[in-house]
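*Asks:* I have a structure here, written as structure tokens, and I will follow up with some questions on it.
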Amino acid sequence: MTKHSRSSAQGFRLALGGGAAKAFAHIPILEAMDDLGVKPVEIAGTSMGSILGAFYASGMSGREIRQFAVDLFTQKTQLLQKLFLTDGRTWSSLFNVVRPAIIDPIVLFETVFPEDLAEQFSDLKLPMKIVATDFYTQSQVVLEEGPLLPAIAASSALPMLLTPVRIDGQVLIDGGFVNPTPFDVFQDDGIPTVAVDVTGSNFEERKSGLPTGLETWIGSFSITLHSLVAAKLACNQPDLLIEPPVGRFKTMEFFKVADIVKAAEPAGETFKRGLASLLENR
């Protein structure tokens, strides 16, 4: 039996979408799988979904991922120490205003990610596909072999903030520009697909105030993600779609991780019921 063949015989695939801080809403879904004692036969992830998916596929439990995320973003002093005090090279290698973006995502992720994250795709306990965007061909790139960290960095490389990543001669940026919730990258072999989409509106009620420049930039990206997912769903649907109720949170509210996860907990129960029904009806 190969390492990747240990997946659940129940048989489903899981797609975790991007959405920056709102993607913390994936965590209750991961915890729900642990509660049920099931695992997907394969995971696909875009941007923040690729990060959390890689943690899970590396062997972390949903509860461990929740604790890691909450600790990382609520203990701000320790986060700053990780970034700037533990390694003399980190400050200059992480931030550089002459690069195409301010922050090098590979250095950032090497600094803050769990130490036991798999180094290669082949080291993962569950097979995984990571979606990025080829900047020059404007096309989707699905990464599923080789070093894991650069693939995650590429999938998460939001322009102007995180530097594009070069892999095999391709210049890659955030996968959300081509496939925010990648439920359609799996082989079409009859195994059902569960998708978790967190691209819903940031605004639960109509507002009239003018957004700031940063709010406009981030909000425009969120609109693009939501529109792409809506267009895909009009043509093709996953077998089970979960949309955690986290629309009231802003895309970059990472320090509200505990609140986002708490708000998404009902989606974990929805997932349990939906998965049970899906597998019973196969």
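*Asks:* Sort 189-198, 13-22 by packing, meaning the average of other beta carbons within 10 Å per residue, with the highest value first. It would help to have the intermediate numbers written out before the result.
*Replies:* Details: 189-198: 20.8, 13-22: 28.9.
Output ranking for 189-198, 13-22: 13-22, 189-198.
*Asks:* Using Cβ counts within 10 Å as a stand-in for footprinting exposure, how do T133, T224, T251 rank, fewest first? Don't jump to the answer; show the numbers that get you there.
*Replies:* Numbers: T133 26, T224 14, T251 22.
The fewest-first ordering by Cβ neighbours comes to T224, T251, T133.
*Asks:* Hey, which of these cross-link pairs are over 21 Å Cα-Cα: K22/K256; K129/K262; K22/K125; K129/K250; K39/K125; K129/K232?
*Replies:* Exceeds cut-off: K129/K262; K22/K125; K129/K250.
*Asks:* Please list, in order along region 55-69, the HN-Hα scalar couplings obtained from phi with the Karplus expression 6.51 cos²θ - 1.76 cosθ + 1.60 (θ = phi - 60°), rounded to whole Hz, x for Gly and Pro.
*Replies:* Using θ = phi - 60°, the values come out as 4, 5, 5, 7, x, 6, 7, x, 5, 5, 5, 4, 5, 4, 5 Hz.
None of the figures in this text is laboratory data; all of them are computed from the coordinates on show. None of the values given here were measured: they were computed from a predicted structure. Because the Cβ atoms are built from the backbone with ideal geometry, glycine has one as well, and the counts that use them run over all protein chains shown.
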